[in-house]
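Asker: Could you have a look at this structure, given as structure tokens, before my questions?
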Amino acid sequence: MKAVVTTGNGGYDKLEYRDVPTPVVGAGEVLIQVLAAGVNNTEINTRLGWYSQSVTMGTNAVANIDELAEVQKPDGGWNVATPFPFIQGTDCCGKVVGIAQDVASSFLGTRVLVRPCMRPDGFGSMRNIWMGSDFDGAFAQFVKVPASEVFVIKSHWSDIELGSIPCSYGSAENMLHRAKVWANEHVLVAGASGGVGSAAVQLAKLRGAMVTAIVGADKAQHAIKIGADRIVERGTDIAAALGQETVDVVVDNVGGKDFESMLQVLRRGGRYVSSGAIGGPIVNLDLRTFYLKDLTLIGCTAWDESVFENLVSYIEKNQIKPVVAKSFALRDIAQAQSEFLEKKHFGKFVLVPEH
């Protein structure tokens, strides 16, 4: 089969589109023909080694410094070694074309989504592994995964639309679930034009919250169209724009210099939740703001058990909408990731393998 093999930490030259053996299923596994696979920050971060504690800058800054990106980082994948060479790809919409003997035959021929965040020790443990980060993923014509992580989907959405969902919407749903967002609460979403941010806007509105979205001026109407009640232009002083103690929950996958302002706008007892830091992982934290306001800071990587089941339900009930900015052929992954880093788009980029 054709696949994109990531050979090590570095630039686009580390992405090799070539022939590799088609996966062979083992016990409890299914073989999926990949129909569409979304592009995410995490694949770029892993290729760059951004998860290494030696990296202190945002994703774009690392991508633009060739010498730093090329350094092989033993702790560059979720602070453990990345299994180079391997196939990335965290999002997968596909068709089940093969099963192990111990897997129900009813899976065969079904269109499915794969839950990329897997909890191998059960949901009582926070240990998690990710498709496309810890083992071969969906940037290929075929991928094998445990049958327990495969969800049959009944929807009129296109393959490309479904392929935009798993990582971004799962991460957003997990954050809102963990933060216990209620109806009528005020939720501030940073980076609302990205995959996770645009998902968080929709999912917070689905819970009945009032949503303020931080986006560039040229993307404001897109954010309003998917449900944002108010816009704060990116680069604006957030505390000055919204006022002190006006927000119940901050959903922030950007980090960087605006972190302090995020805590300033939180009400007493407010919650700050994050599953990313593309703008920079090192932030200033005044512990007095944290403890005097009785704030809760919530880190989210491992998905809770209900998260993906909720997403499938939302899709099948048409309670959310896919936000696809553009699709590319799988062989054009370097172009897709390059345009992705320009951040001129709203929503998700999706790769489509040839078959």
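Laboratory data are not the source of any read-out in this text; all were calculated from the coordinates shown. Keep in mind that this is a model prediction, so the values were computed, not measured. Because the Cβ atoms are built from the backbone with ideal geometry, glycine has one as well, and the counts that use them run over all protein chains shown.
Asker: Quick one: if the Förster radius is 22 Å, what FRET efficiency do GLU70 and PHE290 give, using the C-beta to C-beta distance and rounding to 0.05? Don't skip to the end; give the middle numbers.
Answerer: Values: r = 37 Å, r/R0 = 1.70.
The pair GLU70/PHE290 has a calculated efficiency of 0.05.
Asker: With everything on Cα atoms, drop me the angle between helix 195-206 and the longest principal axis of the chain, reported from 0 to 90° to the nearest 10.
Answerer: Tilt relative to the chain: about 70 degrees.
Asker: With a cut-off of 8 Å between alpha carbons and a minimum separation of six or more residues, what is the relative contact order of the chain in percent? Mind showing how you got there, number by number?
Answerer: On the way: 854 pairs, mean separation 65.9, N = 355.
Relative CO of the chain lands at 19 percent.
Asker: While we're here: Tell me the label-point distance for the pair MET1, GLU342, using the 7 Å Cα-to-Cβ offset, in nm and rounded to one decimal.
Answerer: With each label placed 7 Å out from Cα toward Cβ, I get 3.1 nm.
Asker: Within the P(r) computed for region 271-325, what percentage of the Cα pairs occupies the region above 19 Å?
Answerer: Values: 831 of 1485 pairs.
The calculated P(r) of region 271-325 puts 56 percent of pairs beyond 19 Å.
Asker: Near the amide H of VAL324, under 5 Å away, which other amide H atoms are found, from residues 5 or more places off or on another chain, if H is placed in the peptide plane?
Answerer: Amide H neighbours of VAL324, under 5 Å, 5+ apart: LYS348.
Asker: Identify, among SER105, ILE214, GLN319, the residue whose Cα sits farthest towards the positive end of the charge dipole of the chain, taking +1 on the Cβ of Lys and Arg and -1 on the Cβ of Asp and Glu, with the dipole about the Cα centre.
Answerer: Toward the positive end, the furthest listed residue is GLN319.
Asker: Oh, and also: Compute the whole-percent fraction of alpha carbon pairs in the chain spaced more than 37 Å apart. Present the calculation step by step, with values, prior to reporting the outcome.
Answerer: On the way: 9462 of 62835 pairs.
Above the 37 Å cut-off, the chain has 15 percent of its Cα pairs.
Asker: Given R₀ = 35 Å, what would the calculated FRET efficiency be for LEU297 paired with PHE151, taking r from the Cβ atoms and rounding to 0.05?
Answerer: Numbers: r = 31 Å, r/R0 = 0.88.
For R0 = 35 Å, the calculated efficiency reads 0.70.
Asker: Take SER105 and ASN318, extend 7 Å from each Cα along the Cα→Cβ direction, and tell me the distance between the two endpoints in nm.
Answerer: So the label points at SER105 and ASN318 sit 3.5 nm apart.
Asker: Then there is this: Provide the convex hull volume over Cα atoms per residue for region 169-299, in Å³.
Answerer: Spread over its residues, the Cα hull of region 169-299 gives 89 Å³ apiece.
Asker: Just to be sure I understand the model, the point goes 7 Å from the Cα along the line to the Cβ. What's the resulting ASN184 to LYS326 distance in nm?
Answerer: 4.4 nm
Asker: Right, another one. Report the gain in length on full extension from SER306 to PHE84: 0.36 nm times residue separation, minus Cα-Cα distance, nm rounded to one decimal.
Answerer: 76.8 nm
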